[in-house]
Amino acid sequence: MRALPAWRVTPDGTGIERSFRVKNFSAAASFVSAAADAANAAGHHPDLHITEYNLVRVVLTTHAAGGVTLADVALAARLDALPVPYSPKWLRESGVAGGG
């Protein structure tokens, strides 16, 4: 997980999750679409949730394995590489340069 610092183990310990705070609902929908394309290309499909109109929560797990596998980690890295139109307010408040 050191290579994926923005990701956390899910409360039940069976997956990893990350939230992306984007600038508006359209940006959230666009990010979900880009994430879906990346997931389809990888042949591995996460749970994608839009909440609070601009928060996209991604949960990765391999159900057949009952936990996190290399496929989850690889897709997490792929999602981290997507361009994200982060919320300017979130960027200011988080102190994270460029998102993350």
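The values are calculated or read from the model by the stated rules, or taken from the named source; none is laboratory data. Everything numeric here is computed off the predicted structure, so don't read it as measured data. Cβ: placed from backbone, ideal geometry, glycine included. Neighbour counts: every protein chain shown. To get the accessible areas, we keep the full protein, side chains included, count just its heavy atoms, and leave off ligands, DNA and RNA. Shrake-Rupley method; radii C 1.70, N 1.55, O 1.52, S 1.80 Å.
Mind checking the per residue accessible area of region 2-47 for me, 1.4 Å probe, whole number of Å²?
Numbers: 2500 Å² over 46 residues.
Roughly 54 Å² per residue, with all protein chains present.
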Can you put Glu17, Glu52, Glu93 in order of accessible area, largest first, using a 1.4 Å probe? Glu93, Glu52, Glu17
In the chain, with Lys and Arg counted as +1 and Asp and Glu as -1 at Cβ, which of these residues, Thr14, Ala3, Ala71, has the Cα nearest the positive end of the dipole, that is, farthest along it? Ala3
Taking the alpha-carbon centroid of each part, what is the distance from region 29-82 to region 1-27 in angstrom? 9 Å
Leu82 accessible area, nearest 10 Å², 1.4 Å probe? 40 Å²
Subtracting the Cα-Cα distance of Phe25 and Ser94 from 0.36 nm times their residue separation yields 22.8 nm
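If you roll a 1.4 Å probe over the chain with all protein chains in place, what percent of the accessible area is carbon or sulfur? Before the final figure, lay out the partial values.
Working: 3170 of 5670 Å².
Result for the chain: 56 percent of the exposed heavy-atom area is carbon or sulfur.
By accessible area of protein heavy atoms, probe 1.4 Å, what ranking do Ile16, Ile50 get, highest first? Display every interim value, and only then the final one.
Values: Ile16 0, Ile50 70 Å².
Correct descending sequence by accessible area is Ile50, Ile16.
Multiplying the sequence separation of Ala71 and Ala34 by 0.36 nm and subtracting their Cα-Cα distance, what value in nm do you get?
Numbers: separation 37, 0.36 × 37 = 13.32 nm, distance 1.77 nm.
Here the segment from Ala71 to Ala34 would lengthen by 11.6 nm.
Let me know the charge dipole size of the chain about its Cα centre in debye, to the nearest 20, where only the beta-carbon of Lys, Arg (+1) and Asp, Glu (-1) is charged. Before the final figure, lay out each step's value.
Numbers: 9 positive and 8 negative charges, 69 e Å.
My answer is approximately 340 debye.
Work out how much length Arg57 to Arg2 would gain on full extension: take 0.36 nm times their residue separation and subtract the Cα-Cα distance, in nm to one decimal.
Values: separation 55, 0.36 × 55 = 19.80 nm, distance 1.98 nm.
Full-extension gain reported as 17.8 nm.
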P(r) histogram, all alpha-carbon pairs of the chain included - 10 Å bins from 0, percent: 16, 49, 31, 4
